[in-house]
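First the structure, in the form of structure tokens, and then the observations on it.
The values are calculated or read from the model by the stated rules, or taken from the named source; none is laboratory data. This one's a predicted model, so the numbers in the text were calculated from it and none came from an experiment. Reconstructed Cβ throughout: ideal geometry from the backbone, glycine too, with neighbour counts over all protein chains shown. Heads up: the accessible areas ignore ligands, DNA and RNA and are worked out on the full protein's heavy atoms, side chains in. Shrake-Rupley method; radii C 1.70, N 1.55, O 1.52, S 1.80 Å.
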Amino acid sequence: MDLRLAALFPDLLNLYGDRGNVLVLQSRARRRGIPVEVLPVGLGHPLPDADLYLLGGGEDRQQALVAPALEALRPQLEAAVRSGAVVLGVCGGYQLLGHAYYAADGSVLRGVGLLDVVTRHPGHRAPRLVGNAAVACVLDGVGTLVGFENHGGRTWLGANARPLGRVLAGFGNNGRDRTEGAWAGTVFGTYLHGPLLPKNPAFADYLLRLALRRRFGDVHLSPLDDRWEHAAHVRAAERAGVRLRGA
Amino acid sequence: MPPRVWAALTAGKLAAQLSRAFRIGGGTVVPGRVARWLAPDLLRRLARGLPHGAVVVTGTNGKTTTARLVASALRAAGLRVVHNRAGANLPAGLVSTLVLAADGGGQLRADVGVFEVDEATFPRVAGELKPRLVVLTNLFRDQLDRYAEVDRVAVGWRQALQTLGGDAVVCFNADDPQVADVARDAPRSVAFGIEDVEAGRETLEDAADVRYCYRCGVPYRYRVVFLSHVGHYTCPACGTGRPRPAVRAEAVRVAGTSGFTAELAWDGERVAVLSELPGLYNVYNVLAAAAAAHALGIPPQALLRAVQATKPAFGRGERLWWRGVLLQILLVKNPAGFNEVLRALRAEPVRSLWIAIHDRTADGRDVSWLWDVDFETVRESKAWVTVTGLRAEDLAVRLKYAGWAEDRIAVHRDLLRALEHAVAHTPAGGTLYCLPTYTAMLELRALLARQGVAVAFWED
């Protein structure tokens, strides 16, 4: 058993600690005896065959460079998802997984449409949605998700995407409907940016199991010593103003 | 003087006396808030009274040390200097500094002002301060929760530089592509940079922010990297590259956290400097100060005296004895700065480390940046590590995934308890390296002051 993990445009979509997600998935698989191959995908490169694809966040300029490159990979990405591959988009990566991003200056960035969501930037007068956040996640066994969000765009879900969770503290997709993130099948997007997985080990393992299912069926992952991860999880929730029980 | 201005000055001075009398703080911010509320144009009005004008130092890293060097060189040249030495670099802090330097009639007891200014604030105060000289140090990722995006800070700078007077000079870091891009078209400019390629390395760190040419969207090609994205670069598509610096550092030799030697050269002048300031990043601070001195016409001897006399600023490498152990405090604010501190530490026999991560507004509320620090480069260290602060647990997880030995890491939320633990794990007479974020550094100094050790920062 092995895991193939593709990081899409890591030199452009790495605004704030996005490599933490790669390091955590890699380490948590390896500690279960599952070798991991990390495949960085650069601009203009073909999409490698992988079980899990990661997209991080970037500034406007980097997003604009990435959008057409991602668009070119759309047929291969769709095929990968049909084969059961997992896709996780964080912050800017989440926006690009949707249909489109309407920027503040009126320009439009086309997304790959793997998630039925649309993002609009209401203009630079509107406040950015910034701060610690905690979310009650709807996925089995994941519990709470904690992290930090920082986005100008407001994302709205269509009929074919479900929210990843309900906002306990923070803004979430748009600051209005109390939803955060989106998912459909094996595709996930969230505004909890940068190193989301280090302090959400349950979500990291959820993604690992799902990704391994593509080639190896249901896999049991042995428990790891997550004392520090849980302590960081509880502390992050506390800084967001949410009290969780136990560490 | 309009009564409103007189009232603002008087109220500001009174607020300073009160906040010191009641030990609320150092009086570096509150007087400015009060005075600015009464007279919103006070900054412009007071700055206008500086006969030799204002010097502004801005950028992500190096502001405090560079401003101290420039102020010290100006003093060595015989000028009276008003300077926000304690590092209060937002508008209220700038006003406080000037209010306290003015007499009751609003006359400044100074010839020239030296102001470190927060990099996102600079565009808002450039018009009021009307600086004769602006020093741009560098632009790294820092506190994106406040500034949103590094690019937006650069856009603000570009606009601010266009509002400067025609004879204003811009000193800028030629080795930082984003800074050079902002400043290269300024009508009067002095570029500075490190020439000695031996002082650098060949690869970029992960945290490098700018690697794509602003004109072409093509990655820059680097011949050498000194820190983060700072080095000798060229765009392979349009050929735009590092401007040739007028003020240069050659023969750079860094001795870990204890200082460096280098030769500074400009216009046929060449001076050897010996500095106690730690790390390669301080070579840039000295270079920036040299460029400013050159632009201001300060004689090289005055600059040399300033460099040799400048001790590390509070929390920027200062050393203090406590309970038989030497504490060296090295502020860590962002990935680029943290990486440079780690690099300087690699040259030292580190036995014990104390790292404090807070997430207050002045630290940046988002601790994601810890994942951009290259802790992997020192994973084989055998040092004892004590982590503390409001986000101690985030750092513990980061160190664990960087491969640091878990059984050598202790987590204590309370700063003092953590410090006691770390001291107990430091050999008597040895050095405990203390790496705090900004507000953790202030808290550490305050708690040491209560123990009778450090000077409070407003007296520094």
Would you confirm, using the coordinates I've provided, whether B:L395 is under 20 Å from B:G279 (Cβ atoms) and either of a type in the set (A, V, I, L, M, F, W, C) or at pLDDT below 90 (or both)?
no
Failed condition for A:G175, given (1) more than 18 Å from the chain's Cα centre (by Cα); (2) closer than 26 Å to A:G58 by Cα; (3) part of a helix (DSSP H, G or I):
(3)
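Would the stretch B:55-72 turn up any residue that is aliphatic (A, V, I, L, M) and more than 21 Å from B:N138 (Cβ to Cβ)?
Checking the stretch B:55-72: not a single residue is aliphatic (A, V, I, L, M) and more than 21 Å from B:N138 (Cβ to Cβ).
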Only one residue in A:N174, A:N150 is of a type in the set (S, T, N, Q) and modelled with pLDDT of 95 or more, so which one is that?
A:N174
With the condition kept exactly as written, say whether any residue in the stretch B:149-158 is charged (D, E, K, R), modelled with pLDDT of 95 or more and surrounded by fewer than 24 Cβ atoms within 10 Å (Cβ to Cβ).
no
Which of the residues spanning the stretch A:130-147 are open to solvent by 10 Å² or more (accessible area, probe 1.4 Å) and farther than 21 Å from A:L210 by Cβ?
A:V130, A:N132
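Going by the conditions given, is B:V350 among the hydrophobic types (A, V, I, L, M, F, W, C), open to solvent by less than 10 Å² (accessible area, probe 1.4 Å) and either outside any loop (DSSP other than H, G, I, E, B) or away from chain A (no Cβ under 13 Å) (or both)? So that I can check it myself, show each step before the final result.
Values: among the hydrophobic types (A, V, I, L, M, F, W, C): yes; open to solvent by less than 10 Å² (accessible area, probe 1.4 Å): no; either outside any loop (DSSP other than H, G, I, E, B) or away from chain A (no Cβ under 13 Å) (or both): yes.
Spelling it out, it is not the case that B:V350 is among the hydrophobic types (A, V, I, L, M, F, W, C), open to solvent by less than 10 Å² (accessible area, probe 1.4 Å) and either outside any loop (DSSP other than H, G, I, E, B) or away from chain A (no Cβ under 13 Å) (or both).
Count, please, the residues in the stretch A:110-151 that happen to be among the basic types (K, R) and within 14 Å of chain B (Cβ to nearest Cβ). Give the derivation first.
Filtering the stretch A:110-151 down to residues among the basic types (K, R) leaves A:110, A:120, A:125, A:128.
With within 14 Å of chain B (Cβ to nearest Cβ) added as a condition, the list becomes A:125, A:128.
Looking only at that region, the number is 2.
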Only listed residue being among the small types (G, A, S) and open to solvent by 10 Å² or more (accessible area, probe 1.4 Å), chosen from B:G93, B:G113, B:G106:
B:G106
Could you say whether any residue in the stretch B:280-292 is within 14 Å of the chain's Cα centre (by Cα), of a type in the set (F, W, Y) and open to solvent by less than 10 Å² (accessible area, probe 1.4 Å)?
no
Apart from one, (1) closer than 25 Å to A:N14 by Cβ; (2) at pLDDT 95 or above; (3) among the aliphatic types (A, V, I, L, M) all hold for B:A422; the odd one out is (1)
How many residues, within the stretch B:145-180, are acidic (D, E) and farther than 15 Å from B:P245 by Cβ?
4
Given the conditions (1) at pLDDT 95 or above; (2) open to solvent by 10 Å² or more (accessible area, probe 1.4 Å); (3) touching a helix residue (DSSP H, G or I) at 6+ places or on another chain (Cβ under 8 Å), which single one is not true for A:A202?
(3)
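Does the stretch B:390-448 hold any residues that are of a type in the set (V, I, T) and either touching an Asp or Glu at 6+ places or on another chain (Cβ under 6 Å) or within 12 Å of chain A (Cβ to nearest Cβ) (or both), and which are they? Spell out the reasoning first.
Our first condition is that a residue be of a type in the set (V, I, T); within the stretch B:390-448, this holds for B:397, B:409, B:411, B:423, B:426, B:431, B:437, B:439.
Correct list: B:V397, B:I409, B:V411, B:T437, B:T439.
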How many residues are over 13 Å from the mean Cα position of the chain (by Cα), facing another protein chain (nearest Cβ under 9 Å) and within 15 Å of A:L88 (Cβ to Cβ) if we restrict to the stretch A:1-16?
1
Which numbered condition A:S222 misses (of (1) of a type in the set (G, A, S); (2) part of a helix (DSSP H, G or I); (3) farther than 21 Å from A:V90 by Cβ)
(2)
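Determine whether the stretch A:165-176 contains at least one residue that is within 14 Å of chain B (Cβ to nearest Cβ) and in contact with a Ser or Thr (Cβ under 8 Å, 6 or more places away or on another chain). Outline the logic, then answer.
Keep residues of the stretch A:165-176 that are within 14 Å of chain B (Cβ to nearest Cβ), which gives A:169-171.
Applying the additional criterion that residues be in contact with a Ser or Thr (Cβ under 8 Å, 6 or more places away or on another chain) yields none.
No, that holds for no residue.
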How about the stretch B:362-389: which of its residues are away from chain A (no Cβ under 11 Å) and in a helix (DSSP H, G or I)?
B:A362, B:D363, B:T377, B:V378
Counting only residues in the stretch A:190-247 that are more than 24 Å from B:R413 (Cα to Cα) and β-branched (V, I, T), the one farthest from the other protein chains (Cβ to nearest Cβ) is identified as A:V219
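Looking at B:T426, B:T439, can you tell me which residue is assigned to a helix (DSSP H, G or I), in the same structural domain as B:A336 (by TED's automatic domain parsing) and among the hydroxyl-bearing types (S, T, Y)?
B:T439
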Restricting the search to the stretch A:39-62, which residues are within 13 Å of chain B (Cβ to nearest Cβ) and free of Cβ contacts under 8 Å to residues at least 60 places away in the same chain?
A:P40, A:G42, A:L43, A:G44, A:G58, A:E59, A:D60, A:R61, A:Q62
State which residue is modelled with the lowest pLDDT when the search covers only the stretch A:17-26 and only residues that are open to solvent by 30 Å² or more (accessible area, probe 1.4 Å) and at the interface with chain B (Cβ under 7 Å from one of its Cβ atoms).
A:R19
